[in-house]
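S.K.: Following this message is one structure expressed as structure tokens.
Nothing in this text is a laboratory measurement; each read-out follows from the coordinates by a stated rule. All of these numbers come straight from a predicted model, not from anything done at the bench. Methodologically, a virtual Cβ is constructed for each residue, glycine included, from the backbone with ideal geometry; neighbour enumeration extends over all protein chains shown.
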Amino acid sequence: MWIVHVFVRVKPECVDAFKAATMENARNSVKEAGIARFDVVQERDDPTRFVLVEVYRTAEDPARHKETAHYKTWRDAVEVMMAEPRRGVKFANVFPVDGGWG
């Protein structure tokens, strides 16, 4: 599994629009064969902060995801909503060994 956490901070006035655009991207992302899981989480203490938890089946799948129309639509829509550049951190699963995501 190839796991990416994308840390995002949006402008306060853009929280609802960011959530709507991101949920649409997530709904389409989970349909991709290379995506095992795609979670969108929002920080309780600071609702302008989000983490996208993306779990891919192979190391090549993140690049495939970035070529989809829904990703490009999301990227372009949320760019102006960002309070700072988003930051992605790559992880490898330790347990369960197979990722446990089917």
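S.K.: Return the only residue of V4, V8 being in contact with a strand residue (DSSP E or B) (Cβ under 8 Å, 6 or more places away or on another chain), under 19 Å from M81 (Cβ atoms) and part of a strand (DSSP E or B).
M.R.: None of the other options fit; the residue is V8.
S.K.: What's the number of the only condition in (1) surrounded by 13 or more Cβ atoms within 10 Å (Cβ to Cβ); (2) part of a helix (DSSP H, G or I); (3) over 11 Å from the mean Cα position of the chain (by Cα) that N25 fails to meet?
M.R.: (3)
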